[in-house]
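Trainee: Handing you this structure, nothing more for now.
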Amino acid sequence: MMLSKVFATVSVLAVSVLTLSACGSSSSSDSSSKASSSKVEKSSSSKTEESSEAKQTAGGALKDGTYKLEEADFSHGYKVEMSITVADGKISDSTYDYVDKDGKSKQDDADYEKQMKKVNNVGPKEYIPELKESLDKNGTNVGAIDVVSGATDSSLTFKNYVQQLIQAAQAGSTDTIKIDNTAKMKDGTYTLEEKNYSHGYRVHFEIVVAGGKITESKYDNIDKDGKSKTDDAAYEKQMKKVNNVGPKEYTKALNESLVKNQEPAKVEVVSGATSSSDSFILYAQQLINAAQAGNTNTIEIDNIVYGE
């Protein structure tokens, strides 16, 4: 299933959020209609410089090697091919492109470029190198990769795939990641959870697929005793005081939005809970990729956490 529209703690989203702030499938057409962040809660890219200098307190190191990802099928004539190269524990190089059956880049498709720019004011020649440059600049800080205006779908897909490549690098798994990008979701329960706690909580996320559709979304942040952040009255009170929204509200809203819209790209960013919304969207994309492959093994995110 191709997502028609579409950011960590998702690896390093915890790097960029305030203590009391909350906290992929591919598309070949893009839209700038969905805002990439809310101005109420500090965005994930707003502390990039500070975060890069912070001390890492949790999260697996990247193992040296080259890690690859590619979509299994062509959509509108193109599929994504990506890679990252890790040297001395850091991303030293990357590749990213959409290619056709002859291996030709979408960046060289003059007709596609012209039509997309006419509609969205940006084309593959602009957004593909811009996203790659952002990865090269921000490394494992997936949350700091900005959504390119007019290329929202490709930007969110890119961030999802970068996250999966980082997970592979942490595990040292050099097998090419295959994304069943046009497949229908298979019925079952698909689970993702973070390994490491940030500010006392980590993400636990399940989706239930029945009849090829998401019928339940169970996204939450839990503490070491398995208690939900939505039941933390002190956290709720303080966050609402600062951001006018708390875990009780944004957790419910995000889960309901995914079931209603079926596509992470259509999930509305909750004002005041931008970081959690971005994390939710990114993880939902990865769960959908798992559902497309019918892989019900729990996805464990060895999320990188930094001290503040």
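The values are calculated or read from the model by the stated rules, or taken from the named source; none is laboratory data. Note that this is a predicted model, so its numbers are computed, not measured. Counting neighbours? That spans all protein chains shown, and the Cβs are built from the backbone with ideal geometry, glycine included. Just so you know, the surface numbers come from the protein's heavy atoms only, side chains and all, with ligands and any DNA or RNA stripped out. Shrake-Rupley method; radii C 1.70, N 1.55, O 1.52, S 1.80 Å.
Trainee: Whether any residue in segment 32-41 is at pLDDT below 95 and acidic (Asp, Glu) is what I want to check. Break it down into steps so the answer makes sense when it comes.
Mentor: Narrowing segment 32-41 to residues at pLDDT below 95: 32-41.
Narrowing the set further to residues that are acidic (Asp, Glu) leaves 41.
Within segment 32-41, one or more residues are at pLDDT below 95 and acidic (Asp, Glu).
Trainee: Report every pair of residues separated by at least 6 positions or lying on different chains whose Cβ atoms are under 6 Å apart, first residue within segment 211-237 and under 30 Å from residue 183 (Cβ atoms), second open to solvent by 30 Å² or more (accessible area, probe 1.4 Å) and not in a loop (DSSP other than H, G, I, E, B).
Mentor: 214/259; 217/259; 218/206; 220/204
Trainee: Oh, and also: Please work out which residue is most open to solvent (accessible area, probe 1.4 Å), limiting yourself to segment 210-226 and to residues that are out of contact with any strand residue (DSSP E or B) (no Cβ under 6 Å at 6 or more places or on another chain) and either at pLDDT below 95 or at negative phi (or both).
Mentor: Here the answer is 224.
Trainee: Test of understanding: among 137, 132, 186, which residue is farther than 24 Å from residue 79 by Cβ, of a type in the set (D, E, K, R) and not in a strand (DSSP E or B)?
Mentor: 137 is the lone residue from the list that is farther than 24 Å from residue 79 by Cβ, of a type in the set (D, E, K, R) and not in a strand (DSSP E or B).
Trainee: Next question. Going through segment 174-208 one residue at a time, which ones are open to solvent by less than 50 Å² (accessible area, probe 1.4 Å) and among the hydroxyl-bearing types (Ser, Thr, Tyr)?
Mentor: Listed by number, the residues that qualify are 190, 191, 198, 201.
Trainee: Let me ask something additional. Of all residues being of a type in the set (D, E, K, R) and in a loop (DSSP other than H, G, I, E, B) in segment 249-291, which is surrounded by the fewest Cβ atoms within 10 Å (Cβ to Cβ)? Just the residue, please.
Mentor: 268
Trainee: From the list 134, 198, which one is among the small types (Gly, Ala, Ser) and under 23 Å from residue 93 (Cα atoms)?
Mentor: 134
Trainee: Do we find a residue being over 22 Å from the mean Cα position of the chain (by Cα) and not in a helix (DSSP H, G or I) anywhere in segment 117-128?
Mentor: So far as segment 117-128 goes, yes, one or more of its residues are over 22 Å from the mean Cα position of the chain (by Cα) and not in a helix (DSSP H, G or I).
Trainee: Now a separate question. Just checking, does segment 189-198 include any residue being of a type in the set (Gly, Ala, Ser), outside any helix (DSSP H, G or I) and farther than 28 Å from residue 73 by Cα?
Mentor: Checked segment 189-198: at least one residue is of a type in the set (Gly, Ala, Ser), outside any helix (DSSP H, G or I) and farther than 28 Å from residue 73 by Cα.
Trainee: Among the residues of segment 16-23, is there at least one that is open to solvent by 10 Å² or more (accessible area, probe 1.4 Å) and at pLDDT 95 or above?
Mentor: No, there is no match, as no residue in segment 16-23 is open to solvent by 10 Å² or more (accessible area, probe 1.4 Å) and at pLDDT 95 or above.
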